[in-house]
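The values are calculated or read from the model by the stated rules, or taken from the named source; none is laboratory data. Since the structure is predicted, the reported quantities are computational estimates derived from the model, not experimental observations. No Cβ is skipped: glycine too gets one built from the backbone with ideal geometry, and neighbour counts run over all protein chains shown.
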Amino acid sequence: MVSGMSQSHPRISKAVIPAAGLGTRFLPATKATPKEMLPVVDKPAIQYVVEEAVSAGLDDVLMVTGRNKRPLEDHFDRNYELESALQKKGDAGRLAKVQESSDLATMHYVRQGDPKGLGHAVLCAAPHVGHEPFAVLLGDDLIDPRDPLLQRMIDVQQQHGGSVIALMEVAPEQIHLYGSAAVEATADSDVVKIGGLVEKPAPEDAPSNYAIIGRYVLDPAVFDILRKTEPGRGGEIQLTDALQQLVADEKVGGPVHGVVFKGRRYDTGDRGDYLRAIVRLACEREDLGPDFRTWLHRYVTEEMQQR
Ligand code: UTP
């Protein structure tokens, strides 16, 4: 039987987090530090992503890392020196914060070597994932923890089999920054059937304003396709090109559906979005929010008056 067409769809337990990109949009901060380690308030962006995987029931996490990515591995490991210093001080609150990230999930790592594109990064996960469907969460794409998306995608995959991608409606002048999907409605208002995918199209070539965002639940048939996928846009092996092959031939890996996301999402690899993520999440924090909101209100009022 074709893997994606099985009636009892295997349970999804593995998450793959590609985090081996160069992060050139954030230079010079990312010269020696992975962009995924940049703090969003007081937690590195990548910790939110791992927490999201764990909240959706995926506690086997494979991170695809590259050069300069040691801090990622260290962050999810124990830090005995820091722990014993905090223990001696009796600082249980901060000790818990240090231990939080190392206790989250079973972490695995694979190195990508050359960053040949997102499709190539996903292919590096093939030996770990094996023949099960799996989730992919981009390490620089932050979905607000109050707007769960991945669990809904997993439910849709368990219902239909095949693969599921996440879509978000964007303004027509923004679509050239994303992959764009041709879609057909289904009985569920937040679920569409994918009819075609194009990576970063010119606005006049975009099949819709539905942009692909950084969450995927994929049938393992994608690995064989990625092995044969030639470099595409930007000279990189594009995941969107491989997904288009899945869409073109349902017999290979089952259907491809999209879940339309209407919640809050931040691309922490983009400087403007990164700043918005920090302000928004800081405003809503119980400990920091009240003071920060008062200051922000005063600051914005003064700024407006000066214009
Ligand atoms: P981006 O498109 O944001 O590329 O990658 P980038 O190289 O990281 O950043 P810029 O554009 O130069 O600033 C999307 C996701 O795919 C991962 C990145 O780490 C990020 O999570 N990625 C990208 C890889 O793991 N390997 C690659 O070869 C490319």
Problem - Conditions (1) farther than 22 Å from Gly269 by Cα; (2) away from the ligand (no atom under 16 Å from the Cβ): number failed by Asp147 - result: (1)
Exercise for the section: Please work out if Val64 is closer than 18 Å to Val129 by Cβ and touching a Pro at 6+ places or on another chain (Cβ under 6 Å). Expected result: yes
Practice task
Please list, ordered by first then second residue, the pairs with beta carbon atoms under 8 Å, 6 or more apart or interchain, first in region 109-123 and in contact (Cβ under 8 Å) with a residue 40 or more places away in the chain, second among the polar types (S, T, N, Q) and within 6 Å of the ligand (Cβ to nearest atom).
Solution key: His120/Gln112; Ala121/Gln112
Practice task
Name the residue, out of Arg94, Arg111, Arg78, that is within 16 Å of the ligand (Cβ to nearest atom) and either crowded, with 21+ Cβ neighbours inside 10 Å or charged (D, E, K, R) (or both).
Solution key: Arg111
Handout entry: Verdict on Glu73 being under 20 Å from Ile154 (Cβ atoms), within 19 Å of the chain's Cα centre (by Cα) and within 16 Å of the ligand (Cβ to nearest atom)
Key = no
Handout entry: Check on Ala166, over 18 Å from Tyr210 (Cβ atoms) and either at pLDDT 95 or above or not in a loop (DSSP other than H, G, I, E, B) (or both)
Key = no
Problem - Scan of region 204-251 for residues that are in a helix (DSSP H, G or I) and in contact with an Asp or Glu (Cβ under 8 Å, 6 or more places away or on another chain), ordered by number - result: Arg233, Thr240, Asp241, Leu246
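So that you can scan it fast, the table gives a plain yes or no per residue for (1) modelled with pLDDT of 95 or more; (2) within 15 Å of the ligand (Cβ to nearest atom); (3) touching a helix residue (DSSP H, G or I) at 6+ places or on another chain (Cβ under 9 Å); (4) at negative phi:
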{"residue": "Ala221", "(1), (2), (3), (4)": "yes, no, yes, yes"}
{"residue": "Asp224", "(1), (2), (3), (4)": "yes, no, yes, yes"}
{"residue": "Gly235", "(1), (2), (3), (4)": "no, yes, no, no"}
{"residue": "Leu243", "(1), (2), (3), (4)": "yes, yes, yes, yes"}
{"residue": "Val259", "(1), (2), (3), (4)": "yes, no, yes, yes"}
{"residue": "Asp270", "(1), (2), (3), (4)": "no, yes, yes, yes"}
{"residue": "Asp273", "(1), (2), (3), (4)": "no, yes, no, yes"}
Exercise for the section: Would you please list the contacts, defined by Cβ atoms under 6 Å and residues six or more apart or on different chains, that run from a residue in region 200-217 that is of a type in the set (Phe, Trp, Tyr) and within 16 Å of the ligand (Cβ to nearest atom) to a residue that is in a strand (DSSP E or B) and at pLDDT 95 or above? Expected result: Tyr216/Val136; Tyr216/Ile165
Practice task
Specify which of the listed residues (Pro39, Pro44) is exposed (fewer than 14 other Cβ atoms within 10 Å of the Cβ), out of contact with any strand residue (DSSP E or B) (no Cβ under 7 Å at 6 or more places or on another chain) and at pLDDT 95 or above.
Solution key: Pro39
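So if I check each of Gln158, Gln151, Gln174, which one is polar (S, T, N, Q), in contact with a Gly (Cβ under 8 Å, 6 or more places away or on another chain) and either touching a residue at least 12 places away in the same chain (Cβ under 8 Å) or surrounded by 14 or more Cβ atoms within 10 Å (Cβ to Cβ) (or both)?
Details: Gln158 fails: in contact with a Gly (Cβ under 8 Å, 6 or more places away or on another chain); Gln174 fails: in contact with a Gly (Cβ under 8 Å, 6 or more places away or on another chain).
The unique qualifying residue is Gln151.
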Exercise for the section: Look through Ser163, Ser189, Ser208, Ser180 and report the one residue that is over 14 Å from Leu243 (Cβ atoms) and surrounded by 17 or more Cβ atoms within 10 Å (Cβ to Cβ). Expected result: Ser208
Completion exercise
If we ask which residues in region 4-62 are aromatic (Phe, Trp, Tyr) and away from the ligand (no atom under 16 Å from the Cβ), their number turns out to be 0
